[in-house]
Every structure is written in structure tokens, then in C-alpha cells.
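Let me begin by presenting the structure, written as C-alpha cells, before commenting on it.
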Amino acid sequence: MPEKETLVVVGAGVIGLSTALQLQSQLRPHQKILLAARDFPSSTSINYASPWAGAHYRPVPGKSAQAEREETQARRTYAHLRSEASSPSSGVSWIEGVEHLENPPKEYLEPDTLGYYKDLDGFRELGKDEVPKGVKWGVRYMTFVINSPVYCAYMLRRFILRGGETREVTLTNINEAFYLASNVKTVVNCSGTGFGDPKSFIIRGQTCLVRNPVNVTLTRQNSDGTWSFCIPRPLEGGTIIGGTKQVNDWDPNPSLQTRETLLRNAKKWFPFTEESNGEFDVIRDIVGRRPAREGGMRIQVEKLEGGRTVVHGYGAAGRGFEISWGVAEDIVSLVRGAGLLGEKARL
């Protein structure tokens, strides 16, 4: 019997896990799949961004090619995660999302802005008598929230139970992935920042995990233009209060001053329960490095010598969970379109 061809997916963040699951569902009998990564869902590395995420979905209005591409990917992910919410073990819950903006950016004041929201379940624009004092723009809709460590472990468990193989390995060059098995022709690069891509950079994020319960995910834009949010983590995972976006800031240490600022801003609008006495019960500070890229994600086929192919899918920045399933669909479409799945892969 001929040796099976191995497809290697590099990276076990939310993009890599989503991509590995989708590829796995389309393999032919002559193919198998290996998920290779430095970090897996049990890791607490600051460079492994996925387990540190909030995470939730909210539209991000914008006219750039990147914004429109991401919104398309996010809508497909929205539909997928709605179905995942029916599985208690997924770490995904379907709840109400609320947005209150005190100083709306111009993108939110365009006539077609509500088009980004109107197709969401339960969408409703809020009137002046329905928003807190100082808020000039508000909406409500149904969305998802994710306990990110649980969801990543859930996907990895599904991948393994369906016959997927894993290998913990640190790669310094994408070409190394072709030597992780004896018959590798295709490598899918979901490594986060790529390998030496000059367009890649990191965005430091700091949030605070608190015990205070909340039954909505609320995004608040303050009058000075800064943003606050609360995201409950399903399965009694606490609530994320955030957050910051600090480009190319490599400081791994949580800032007490940043924590105080985050909690002070959130304290103005957070729906505290009576027993909390209007105070946050802090569990821990969270710092992670989001893998970003100028111009958005690189989703591209690269042909190498010797009949080898790399399909790139990295650089999701702060929207990894929001766009994950849609991005994975686009990556798998490239793999299929390049003749790397199915009968054409036998050549």
C-alpha cells in the first residue's frame, strides 16, 4: 500500500485549529493531516495569543478592502459559532451584545453603517431614551461570547478524536515543516506572524479577568475616543474587562496603572450585581501579543521548488476568533483550488 501523503498545518491558535478541522473533513483516503505547533491549548505562553482572548463578535464598519474582507469572514464565523453554541462543551454561548458610543467615529455615522448590523439576529437601533446619558449611538443584537481556552481545547479534542495527529515542535523556517513526515507536499502556514515576514508585527493587549457576572457583552466608547468592553466567559470562566492595543510593545509584564484605568472606565457603566457593592473582584491581569500584519492577513498560495506548496493564513491581529471559521474556509478553498485535495493531489 502506498504511503499516505501528509498535509501539515503549522500553528494551533484559533486559525490553525479551525483550518485543521476543515481540512480534515475533506481529506481523501490517500491523505492524512498533522497539526504541528510550538504551543497547544494547554500552553500559557504570552506569544500564544488565542487562549488570552476575550472573545466575542461585533461588526467593525469600514470601507477598506481589508475591512470588507474581514467582515465577510466574520459573518460566516458568526453563523458557524451560533451552531457551536448548542454544544455545552464548546465554551461558546449565544447572548445579547450591546454597544454604547459617546463619540462615534465617522464610520458609524455613514448612512449605510447599520447595514453591518441589520442582518444580525435581534438587531435593534437604540433610541435616545434607551441609552445612558452621554451616549450618542447605540445598538443591540444577538451574538456569541467564547471561553477561549475551552474552545481551543474543544477543537483540538475533536481533531484528535477524528484521527488527526499532533506534534509539539518549534520551527524557525516554514521549509522545516516539509520534514515532519516522510511524504509532505503541502504545508498550511497558520503560524500567527509568519516566518520573517517584514509586514508582520505584534499588538500588545492587556485585559483584566474578574469574577463579576454579567449576562450581556457590552462595548462602550468613551468621550475621549478610548474603548472599553466586558465579555463574559461561558462555563463560569469569569468576565474579561478590556482592553488595550499597543503596537510593537513587547513588555510582557501587566501594568497596574493600565489595570486601574480599565477598571475605572468600566466601573462607570458595568451592570454590577447588588452583592458586589459596585466593585470589581479581580482574578488576574492578562497580557497577550496579537499577531498582526500590514494590510491584513496573508491568505495566499506559494509554490516552491520540487512540487511543494505553502498555503499561508496568518496575521489576524485582534479579530482572530471573530473571523476564524471564515478565514479557514478561504484557506481550504485555496488548498482545494491548487489541486492539493482530492484526486488532483495524487499527481
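The values are calculated or read from the model by the stated rules, or taken from the named source; none is laboratory data. As the structure is a prediction and not an experimental result, all values here were calculated from the model. Note that we place each Cβ from the backbone using ideal geometry, even for glycine, and neighbour counts take in every protein chain shown. Note: areas computed on protein heavy atoms with side chains; ligands, DNA, RNA excluded. Shrake-Rupley method; radii C 1.70, N 1.55, O 1.52, S 1.80 Å.
Go through segment 198-237 and give me each residue that's out of contact with any helix residue (DSSP H, G or I) (no Cβ under 8 Å at 6 or more places or on another chain), within 18 Å of Asp249 (Cα to Cα) and either not basic (Lys, Arg) or not in a loop (DSSP other than H, G, I, E, B) (or both).
Pro198, Ser200, Phe201, Ile202, Arg204
Kindly indicate the residue of segment 184-194 that is in contact with a Pro (Cβ under 9 Å, 6 or more places away or on another chain) and on the phi < 0 side of the Ramachandran plot and also surrounded by the fewest Cβ atoms within 10 Å (Cβ to Cβ) among those meeting that condition.
Applying the filter and picking the extreme gives Thr193.
Quick check on my filter: what residues within segment 39-97 are in contact (Cβ under 8 Å) with a residue 40 or more places away in the chain, β-branched (Val, Ile, Thr) and open to solvent by 40 Å² or more (accessible area, probe 1.4 Å)?
Result: Val60, Thr72.
How many of the residues in segment 115-168 are in contact with a Gly (Cβ under 9 Å, 6 or more places away or on another chain), open to solvent by less than 40 Å² (accessible area, probe 1.4 Å) and in a strand (DSSP E or B)?
Result for segment 115-168: 7.
Sort out which residues of segment 183-197 are closer than 27 Å to Ile241 by Cβ and touching a helix residue (DSSP H, G or I) at 6+ places or on another chain (Cβ under 9 Å), and write them in order of number.
Within segment 183-197, Gly192 is the sole residue that qualifies.
Take Thr217 and tell me if it is without any contact (Cβ under 8 Å) to a residue 40 or more places away in the chain and farther than 20 Å from Ile15 by Cβ.
No: the conditions fail for Thr217.
Would you mind finding the one in Asp112, Asp197 that is modelled with pLDDT under 95, of a type in the set (Asp, Glu) and open to solvent by 10 Å² or more (accessible area, probe 1.4 Å)?
Only one candidate qualifies: Asp112.
Restricting the search to segment 14-30, which residues are in contact with a strand residue (DSSP E or B) (Cβ under 8 Å, 6 or more places away or on another chain) and at pLDDT 95 or above?
Within segment 14-30, Ile15, Gly16, Leu17, Thr19, Ala20, Leu23, Gln24 qualify.
How many of the residues making up segment 250-305 are assigned to a helix (DSSP H, G or I) and either among the acidic types (Asp, Glu) or open to solvent by less than 70 Å² (accessible area, probe 1.4 Å) (or both)?
Matching residues across segment 250-305 total 12.
When you go through (1) within 20 Å of Ser50 (Cβ to Cβ); (2) open to solvent by 30 Å² or more (accessible area, probe 1.4 Å); (3) touching a strand residue (DSSP E or B) at 6+ places or on another chain (Cβ under 9 Å) one by one for Asn175, which number turns out not to apply?
(1)
For segment 1-50, give me the residue count where each residue is farther than 22 Å from Arg298 by Cβ and hydrophobic (A, V, I, L, M, F, W, C).
Residues that pass the stated criteria total 4.
Looking only at residues in segment 126-182 that are touching a helix residue (DSSP H, G or I) at 6+ places or on another chain (Cβ under 9 Å) and of a type in the set (Ser, Thr, Tyr), which one is farthest from Tyr78 (Cα to Cα)?
Thr166
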